[in-house]
Structures are given as structure tokens and as C-alpha cells.
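Working notes for the structure below.
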Amino acid sequence: MESRQLRALARYAPLLAAVASTESVGGAADELGVPQSSASRGLKALSEALGVPVVRPDGRSVRLTPAGLELARAAQEAVSALRLGIAAAMTQEELSRTELSVAFQTQLGEQFLPRAIGRYRLQRPHVSFSLTHGSRDACIEAVVAGEVMLALVADPPELDAVDVQPLYVEPLVAVVHAGHPLSTARSVTAAQLRQEPSIRLNRGYGLHDSVLRLLGRAGPVPEAAFQVDDYRVAHGLAAAGLGVAILPRSSNGIGTGAVEIAIDDPLASRTIAALVRPDARGLAQEFLLALAEAAR
């Protein structure tokens, strides 16, 4: 009986994982490229093989049962492992190529990128990395020109020359001096931030555009009090009481004299994504999976 259940779960694991991620049979069918009727039959067949229902009706849709949720977690892990295995198999022809070139925005090199590299090196200890960091525009130019195989940037534009793989959404916060009148607030609005001297990154950096988009909701954006080329400098200026900076939440502690405040606005976030050249295969595609795993 157990072998029958394992065969059924192995066959329908991608379907169950897709239902869990899309929260609908139709969405799962679209993700897998199969008719919705086939997806529904697959869920029914899986339930019959296991002897327990994995979904139940929920209005005009379906919802995973408690048993289905448990199996879906296992299915997602299995599908992720299989994807890594497929990428590893495709990489065998490129084993002679042992260096990955990656461009990244500076802040992403503090924790996220090292975590992904550490995860990847467990599978490919022989692979070395050539890393360059800088502004978003510089990273985009590097991958488009073929100088690097992959780039990590925030709020990527639509580009014909590269494939864009969103990884995660990162909230933005207001950084102020500990003695600032806003320092005790639980949250602030874009309209409030427009009234404060603004510390921003220079044009060409992803945060420059993110801040202008956010502040522009309330009208024309005032001139910046300071424009710098490093988010750590912006953080330090705000901590010194020279204005307000809008930055990602600090990953290494906010330091003395600074307070980070949540921003009550749907635009107070940015999407972190990987840009990969369409002709990149093997190592780059495999590392992309490691980035997606680290983003979770």
C-alpha cells in the first residue's frame, strides 16, 4: 500500500505543490501547462491512492485539507530538490567552467548573496565566484553587456536582453535621528516624509527611484538635502540628525543614534530580482535556484 501511495505522490507532487503556491486548481493548471480538468482528476486520483482527501470544496474553488497541507509541504521540498537535480545534470557539460560572475547592488552583499553562495557551495565546492558591486544601473549594464552571467538588483526594469527572476519583496523604512520628533511614531506616511529634509542615493541607484516613486504620491518631490552614493552614508547622515533617509531595514543593526520607522504606504517596498542572460545555462541557472532558496 505504501509503495502505491509513494508512486501517486511522486506523480502528482508538482500538481500538489502548484495548488499550494497558487491556491487554486486553475492557477496550478496554468502553472503546469495542463487543462484544469486534468488537474482536478489528478487531485482526485491522489486522494484515492492515499485514502484521504487532499482538497475540499471552498465556494466555487477548493482548499487544501490539513492532510493536503502536510503533503504539499513535502511536495514543494521534493519539487525544489528535483529542480536542483535537473540543473545539476545540465551543468555536467560545463564542469570545466568553474567561475560564476555576479554583479550586485551593495546592500545585497551583506547577507543575502553570501547566504546564497554558501548554500550553493555545499553542492558545488569547486566553483569560484567573481563578484562586483555598484549601482543598479551599473549592474544592469554589466549583465546586458555580457560582462557578468547574473546580476542582483532592486526593482528591475523590463529588458529584452535578459530574463528577470523576482526573488523577494523588501520593505523600506524611514531612518531618523533618535531625538527626531518622528522617532517615537509607530509608522509615518509619505506625506509626512515629504516635509522632512531628504537624504537620498544618487540617480542610477535603485533606491533613488524607489524613494521618488514613494514621495511622488503626495505631489512634486522636493529637492534632496543630501545625495550620496552609498546607503551606509545615507544611514549615517540620518543618524546624525541631518535629515530623513528612506532605506531597507538594516540587516546588521541600526547603530547608535538612529531609529527605523515603518512607512504606512503600499509603495514602501522594493522587489529584489536576479537578471540572467538568456544564453546563460548550467552554473548560472543552478545558482539562480540557490538564490530562490535563500530568498525563502
Relative contact order of segment 134-202: what whole-number percent is it, with Cα pairs under 8 angstrom and at least 6 residues apart? 16 percent
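Can you tell me the accessible area per residue over segment 160-296, all protein chains present, probe 1.4 angstrom, in square angstrom?
Roughly 46 Å² per residue, with all protein chains present.
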Over all directions, the average projected area of the alpha-carbon convex hull for segment 187-296 comes to how many nm²? 8.6 nm²
For segment 258-288 versus segment 151-200, the gap between their alpha-carbon centres in whole angstrom: 13 Å
Could you state the accessible area per residue of segment 3-48 in Å², with a 1.4 Å probe and every protein chain left in place? 55 Å²
Tell me which residues come under 5 Å, amide H to amide H, from Arg63 once H is placed; ignore anything under 5 positions away on its chain. Arg56, Asp58
Per-peptide average of other Cβ atoms within 10 Å, ordering 273-280, 117-124 highest first: 273-280, 117-124
Treating the angle as unsigned and between 0 and 90°, give the value, to the nearest 10°, between the Cα long axis of helix 112-123 and the longest Cα principal axis of the chain. 30 degrees
Square roots of five times the Cα gyration tensor eigenvalues for segment 1-88, Å: 19, 16, 12
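Just want to confirm a number: the relative contact order over the chain, from Cα pairs under 8 angstrom separated by 6+ residues, in percent.
Numbers: 493 pairs, mean separation 63.7, N = 296.
Contact order relative to length: 22 percent.
In segment 162-296, what % of DSSP beta bridges are antiparallel (nearest 5)? Show your work: numbers first, answer last.
Numbers: 17 of 24 bridges.
In segment 162-296, DSSP labels about 70 percent of beta bridges as antiparallel.
Would you mind telling me the share, in percent, of accessible area of segment 207-253 contributed by carbon and sulfur at probe 1.4 angstrom?
Ligands and nucleic acids excluded, carbon and sulfur reach 52 percent.
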So, by mean Cβ neighbours within 10 angstrom, what's the order for 236-243, 205-212 with the highest one leading? 205-212, 236-243
Here the percent of antiparallel bridges among DSSP beta bridges lying wholly in segment 79-226, to the nearest 5, is 0 percent
What value in Å³ per residue do you get for the convex hull of the alpha-carbon atoms in segment 135-229? 125 Å³
For segment 1-154, calculate the relative contact order in percent as a whole number, restricting contacts to Cα pairs under 8 Å that are 6 or more residues apart. 19 percent
Where nothing but the Cβ of Lys and Arg (+1) and of Asp and Glu (-1) is charged, how large is the charge dipole of the chain around its Cα centre, in debye to the nearest 20? 860 debye
Which of the trypsin sites (Lys or Arg not before Pro) across segment 1-93 are loop residues per DSSP, with 10 or fewer other Cβ within 10 Å? Arg60
Principal-axis tilt of helix 36-50 within the chain, Cα atoms, nearest 10 degrees: 70 degrees
Of the DSSP beta bridges with both residues in the chain, give the percent that are antiparallel, rounding to the nearest 5. 60 percent
D (Stokes-Einstein, µm²/s), Kirkwood Cα radius, segment 160-215, 0.692 mPa s at 37 °C: 240 µm²/s
Among Glu158, Glu170, Glu31, what's the order by accessible area (1.4 angstrom probe), most exposed first? Glu158, Glu31, Glu170
Placing one equal point scatterer on each C-alpha of the chain and summing with Debye, one gets log10 I(q)/I(0) at q = 0.12, 0.14, 0.15 Å⁻¹ equal to -0.92, -1.06, -1.11
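The values are calculated or read from the model by the stated rules, or taken from the named source; none is laboratory data. On a predicted model such as this, the values are computed, not experimentally measured, just so you know. Every residue, glycine among them, receives a Cβ derived from its backbone with ideal geometry; neighbour counts consider all protein chains shown. Only protein heavy atoms, including side chains, enter the accessible area calculation; ligands, DNA and RNA are left aside. Shrake-Rupley method; radii C 1.70, N 1.55, O 1.52, S 1.80 Å.
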